[in-house]
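Asks: Before I ask anything, here is the structure I am working with.
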Amino acid sequence: MTDYSKIDFSPLIAASADEVVTESFVRDVALPSGGTLALITIDNGRDHTRPSTLGPRTLQGLSETLDALSARAAAGEIAAIAITGKPFIFAAGADLSKVSTLATPENARLMAQFGHYVLGKFRSIGVPSFAFVNGLALGGAMEIALNCDYRTLDSSAAALAFPEVFLGIIPGWGGATLVPNLIGIENALEVIVTNPLKNNRMLKPAQALELGLFDQMFGAASFIEQSIVWADRVVSGAEKVSRPHVPGKLERLTKWPVAIKVARDTLRARIGTAAKSPYVALDLLAAAKDGDIERGFEREDEALAELISGDQFAASIYAFDLVQKRAKRPAGAPDKALANPVRKVGVIGAGLMASQFALLFARKLRVPVLITDLDQSRVDKGLDYIRGEIDKLEQKGRLSPDDANQVRALVHGTTDKTEYADCDWVIEAVFEELSVKQQVFAEIEPIISETAVLATNTSSLSVHEIGQNLAHPERLVGFHFFNPVAVMPLIEVVKTPDTDDSTLSTAMVVARKLGKSAVITADRPGFVVNRLLAKVMGEAARALDEGTPMPVVERALAPIGLPMGPFELIDLVGWKVAAHVQDTMVHAFPDRFYASQNLHKLAEVEAPLVKSKHGKIEDLSKAAKKAITLGDHQVSEAEILTRVENELAGEIKIMLDEGVVAAAEDIDLCLILGAGWPFQAGGATPYLDRAGASERVFGATFHQPPVAGHR
C-alpha cells in the first residue's frame, strides 16, 4: 500500500505560488460534559461570493494544523476535533483553475495523493473527528467531511454535490471509495454519476441526510452550537450513531454487480461512450465492493492522474469557464445603464411557445404579462395552459401558494390589441413566416409607446427583414429562445444594423432577469445554433440519401459525444421543422448546405422510426422505407464523421470571419447551452482543433495553443 507520508509533495506546492490560500484557524471549545474540542475553521478571507477552495498550499496548511492537533490529542489535551467553514460556505472543493494549470500526469497524481495524505489525517488523528458542514460543500469539501468520523449538516446549506464527473474527472480524494461504502452502491451511483450528468444536479440538505451522507442535521440559527452539543454526546457515549445504509455482505455479493451493470448499460444507451469520466467512476465504484479503503485510494490516484492530464478535463474546464465567466460578461453587451425598465410585457400569440414565454416572464420578472390572439378561444386555451403549468409548479413545491397566486394574477389574455399601449416589451411568437411577422408588428407599432422594445423569436428569418417596414427599426431585436423555454438556458440576442444600444442593453438585461445566458449574434441566417445544427443534420441526411443505413449514420458522430444522434435530434425538433431549417439554409447558402426531399417525405409518415426502450433510434420504420428514395452507396461511419467535422470547421471559420459572434468562445457557449454539446468536448472548436479538422480545412486552429491535455 502507498505510504503517502514518504512522498515528496514540494514540487506541487512550489508550482502553486499564486494560489488563493484558504487558511485553517483553530480555536478551543469547552465541551458541556468536560474536555476540549479543537474547532478548525477554513476561510480564504473573502466574502461568501468567493467560496473557499482547496489548492496545494491550502492542503499544506491544513496538514500542519492536523499534525499539531494530533500531537495535542496524543498528550490528552483535546477530546475531539471538528472542522467547519466561513459563514454560508464550507468549501467549494479543489481549486479547479489551479488543478488545470498543474495538469501534467506527475502533478495530477501528486494532487490526488496529497489530498489522500492530508484528508486521511482526519481518520487517524487519535480522537473522534467531526465535520460541521455549515453551507455549500462541493467535491473535495464533501470528501473532507467523508474522511471525518462523524458529520453534521446545516439545513440551510445552499448546495451539496460531487460535480467531478460533470467536469471530466472523478471524486479522487476518497469520494469514489468512501461514498459507496457509507451509503450503498445505488445511492452512490446517484450522487457520483447520475446527478452530475443531469446538468450537475445538486443535493438539498434533507436529501443528503436521507441518503446517509450525514449523521445529523440542525437549523442555521444555532448550527455550530447544536453540532458541538451533539458531538459531545457522541464522544461521551450518550449518543449512538446508526448508519442503516452501510452495505452488508449480501449487498456486496448480489446487488452491487447488478447495479453497476444496469448503470453501465444505461450510460451507453443515453450518452454513448465518448465521455471517459462516467465510466472511470463506474469502474471505481465497482471496485469499491471489496471494502478495501486504502486500495481504493490508490485506484483513485491512478484514475485522477489519467483524467486530469487528458484532453477531456482540459476541454471541460474551458467549457466550465465559458458558462461560469464569459456567459456572465457577454461580449459586445452595451452598458446596463442604457436599458429601459420593463414594467409590463406583451406576448403576441397564445399558442404553446407564446404561453411558455408568458409564464416565464411572469415568473421571473413579476410584472403584468398580456397575451393576445386572433380569437378568444385561442386566448383561453393559452391561459388554461399557463394556469395548468403554474398548478404543476405549485404541486412540486417550486412555487409557494402565495407566489403561484401572484403569477396567476399577473397573466391576462384578450383579443384587444390596444392593451399593448403601456407595454415596455413586446415579443411575437407567431407562425415562422416573414409576411406574418411583418404584419403583426405593423399592427402593434402604432399602439405601443415610443420607448417600447419589439422582440422577435424567429429561429431562421432575417430580423432586419422582419423590421424593414417599421417606422422605428432601431427598437427591434431578435430574442431567440430554445425549446423547452423554461429549461434551455440560452437566448441568442440578434442585433441588426439598425438595433440601437438602448434596445440591445434592454434585451441583455431582460435575458439575465429571466435566468438565461445571452450571446449577441449578428443577423445572419440560422444565427449560431441552428446554422451549425443544419450542417450536422444536412450531412446526416446526405449520407442517408446516398444509401447509408440509418443506424450507421446515428453511430457515426458518437466520438464527438453529442447528447443524441442526428436523426434523434431531427425527430425531437420535428421532421417538418428540420426540413424547413434545411431549406432555409440552402436558400441562403446554396453552395454550402444540403437539403433533402426525403426529410419532407418522412415528415408525412406517422411513425418514421423504430426506437429502443431508451429512445435511441434503431432503424427507419417499414412505412418510412417505402416513402423515401435512397441511393445504393453506403458511406462509412468514419467518412460521415470526417465530413461533419470538416463542414463544421469550415462554417465556423466563415461565421467568425463574418463577425456573427465576437469569438470562437461564443460559438462554443451557444452550442453548449443551446444544443447540449458536451463539456468534455469543450463545445465545437476545441474538439475540431484536436480532431485535426481545423488544420484540414483552413490550415490553422481556432485556439492557440489548442485546448488539450498534457499527455
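The values are calculated or read from the model by the stated rules, or taken from the named source; none is laboratory data. Nothing here was measured: the structure is a model prediction, and the numbers come from that model. Every residue, glycine as well, gets a Cβ built from its backbone with ideal geometry; the counts of neighbours run over all protein chains shown. Please note that ligands, DNA and RNA were not included when accessible areas were found on the heavy atoms of the full protein model with its side chains. Shrake-Rupley method; radii C 1.70, N 1.55, O 1.52, S 1.80 Å.
Asks: Quick one: with all protein chains in place, what share of the accessible area of the chain is carbon or sulfur, to the nearest percent (1.4 Å probe)?
Replies: Carbon and sulfur together cover 52 percent of it.
Asks: So how much slack lies between Arg387 and Glu23, counting 0.36 nm per residue of separation and subtracting their Cα-Cα distance, in nm?
Replies: 125.9 nm is the gain from fully extending Arg387 to Glu23.
Asks: Ok, one more. Could you point to the label whose value was computed as Rg and Dmax of the Cα atoms in Å for the structure here, given (1) 29.3, 89; (2) 59.2, 222; (3) 28.2, 86?
Replies: (3)
Asks: Sticking with this structure for a sec: Quickly estimate the mean residue ellipticity at 222 nm for the chain, helices only: each DSSP H run with n ≥ 4 gives -39500 (n - 2.57), and the total goes over all residues, rounded to 500.
Replies: -14000 deg cm²/dmol
Asks: Next question. Calculate the length of the line joining the C-alpha centroid of the stretch 52-77 to that of the stretch 349-412, in whole Å.
Replies: 55
Asks: So, one more: Rolling a 1.4 Å sphere over the protein heavy atoms, what is the accessible area per residue of the stretch 84-217, to the nearest Å²?
Replies: Heavy-atom accessible area per residue stands at 27 Å².
Asks: Could I ask something else about it? For the stretch 232-376, with the dipole built from +1 on Lys and Arg beta-carbon atoms and -1 on Asp and Glu ones, taken about the Cα centre, which of Pro368, Leu307, Val241 lies farthest toward the positive end?
Replies: Pro368
Asks: Quick one: which residues, 5+ away or cross-chain, put their amide H under 5 Å from the amide H of Ile83? H built at 1.01 Å from N.
Replies: The answer is Ile40, Phe130, Ala131, Phe132.
Asks: OK, next. Excluding same-chain residues fewer than 8 positions from Lys336, which aspartates and glutamates have a Cα within less than 17 Å of its Cα?
Replies: Filter leaves Asp424, Asp500, Asp501.
Asks: Moving on. Amide H neighbours of Leu399 under 5 Å, counting only residues 5+ apart in sequence or on other chains, H built in-plane at 1.01 Å?
Replies: It is Glu394, by chain and number.
Asks: Over the chain, calculate the relative contact order: mean separation of alpha carbon pairs under 8 Å at least 6 apart, over the residue count, as a percent.
Replies: Once normalised by length, the contact order is 11 percent.
Asks: When only Cα pairs under 8 Å and 6 or more residues apart are kept, what is the percent relative contact order across the stretch 584-711?
Replies: Relative contact order for the stretch 584-711 comes out at 15 percent.
Asks: Pop out the ³J(HN,Hα) list for the stretch 539-553 in order, Karplus 6.51 cos²θ - 1.76 cosθ + 1.60 with θ = phi - 60°, rounded to Hz; leave Gly and Pro as x.
Replies: With coefficients 6.51, -1.76 and 1.60, one gets 5, 5, 5, 4, 5, 5, 4, 6, x, 7, x, 4, x, 5, 5 Hz.
Asks: How large is the charge dipole for the chain, taken about the Cα centre, if only the Cβ atoms of Lys, Arg (+1) and Asp, Glu (-1) carry charge, to the nearest 20 debye?
Replies: That gives the chain a dipole magnitude of about 1340 debye.
Asks: What is the sum of charges around Thr266, taking Lys and Arg as +1, Asp and Glu as -1, for the other residues whose C-beta is under 14 Å from the C-beta of Thr266?
Replies: With Lys, Arg at +1 and Asp, Glu at -1, the net is +4.
Asks: Mind checking which aspartates and glutamates have their C-alpha under 20 Å from Lys204, skipping anything on the same chain fewer than 8 residues away?
Replies: Straight-distance partners of Lys204: Glu143, Asp154, Glu164, Glu186, Glu190, Asp215, Glu394.
Asks: Something else: 5 Å is the cut-off here: which amide hydrogens, built 1.01 Å from N in the peptide plane, fall below it relative to Trp425, excluding neighbours closer than 5 in sequence?
Replies: Those qualifying (amide H under 5 Å, at least 5 residues apart or on another chain) are Lys344, Gly346, Val453.
Asks: For the stretch 193-271, what is the charge dipole size about the Cα centre, in debye to the nearest 20, if Lys and Arg each add +1 at the Cβ and Asp and Glu each add -1 at the Cβ? Walk me through the numbers before you get to the answer.
Replies: Numbers: 13 positive and 7 negative charges, 142 e Å.
I would put it at about 680 debye.
Asks: If you don't mind, another one. Within the set Lys325/Lys516; Lys325/Lys653; Lys276/Lys325; Lys121/Lys240; Lys255/Lys289; Lys396/Lys516, which residue pairs have Cα atoms separated by over 18 Å?
Replies: Table pairs above 18 Å Cα-Cα are Lys325/Lys653; Lys276/Lys325; Lys121/Lys240; Lys396/Lys516.
Asks: Sorted by packing (mean other beta-carbon atoms within 10 Å per residue), highest first, where do 65-71, 239-245, 539-545, 190-196 land?
Replies: Numbers: 65-71: 17.7, 239-245: 10.6, 539-545: 23.9, 190-196: 21.9.
Result, highest mean Cβ count within 10 Å first: 539-545, 190-196, 65-71, 239-245.
Asks: Full extension from Arg343 to Arg592: what is 0.36 nm times the residue separation minus their Cα-Cα distance, to one decimal in nm?
Replies: Full extension from Arg343 to Arg592 adds 85.2 nm.
Asks: Still on this structure, please answer the following. Starting with the highest mean, order 228-237, 490-499, 427-436, 139-148 by the number of other Cβ atoms within 10 Å, averaged over the residues of each peptide.
Replies: 139-148, 490-499, 228-237, 427-436
Asks: Within a Cβ distance under 15 Å of Thr101, other residues only, what is the Lys/Arg minus Asp/Glu net charge?
Replies: Here the count lands on -3.
Asks: Moving on. Apply the Karplus parameterisation 6.51 cos²θ - 1.76 cosθ + 1.60, with θ equal to phi minus 60°, to every residue of the stretch 491-499 and state each ³J(HN,Hα) to the nearest whole Hz, in sequence, with x for glycine and proline.
Replies: Karplus-based 3J(HN,Hα) across the stretch 491-499 equals 10, 8, 9, 9, 9, 8, x, 8, 4 Hz.
Asks: Set the Förster radius R0 to 51 Å, insert the Cβ-Cβ distance between Gln634 and Glu239 as r into 1/(1 + (r/R0)^6), and round the FRET efficiency to 0.05.
Replies: According to the calculation, E is roughly 0.15.
Asks: Give a residue-ordered list of calculated ³J(HN,Hα) values for the stretch 326-331 (Karplus: 6.51 cos²θ - 1.76 cosθ + 1.60, θ = phi - 60°; whole Hz; x for Gly, Pro).
Replies: 4, 4, 8, 10, x, 5
Asks: Run the reach check for Lys576 against aspartates and glutamates, Cα to Cα strictly under 15 Å, same-chain hits fewer than 8 apart removed. What comes back?
Replies: Lys576 reaches Glu432, Glu433, Glu568, Glu604, Glu606.
Asks: Could I ask something else about it? If each residue of separation counts as 0.36 nm, what is the full-extension length gain between Ser124 and Lys325 once their alpha-carbon separation is subtracted?
Replies: Numbers: separation 201, 0.36 × 201 = 72.36 nm, distance 3.97 nm.
Going from the current span to full extension adds 68.4 nm.
Asks: For Met202, tell me the accessible area in Å² from a 1.4 Å probe, rounded to the nearest 10.
Replies: 70
Asks: How much net charge surrounds Gly346 when only other residues with a Cβ under 11 Å from its Cβ are counted (Lys, Arg +1; Asp, Glu -1)?
Replies: Cβ neighbours under 11 Å give a net charge of -2.
Asks: Still on this model: In the chain, with Lys and Arg counted as +1 and Asp and Glu as -1 at Cβ, which of these residues, Ile520, Ser596, Leu197, has the Cα nearest the positive end of the dipole, that is, farthest along it?
Replies: After comparing all options, I get Leu197.
Asks: Could you tell me the center-to-center distance, by alpha carbons, between the stretch 33-49 and the stretch 435-505 in angstrom?
Replies: 53
Asks: Then there's this: Report the charge-dipole magnitude of the stretch 264-349 in Debye, nearest 20, computed about the Cα centre from +1 at each Lys and Arg Cβ and -1 at each Asp and Glu Cβ. Show your work: numbers first, answer last.
Replies: Numbers: 14 positive and 13 negative charges, 229 e Å.
About 1100 debye.
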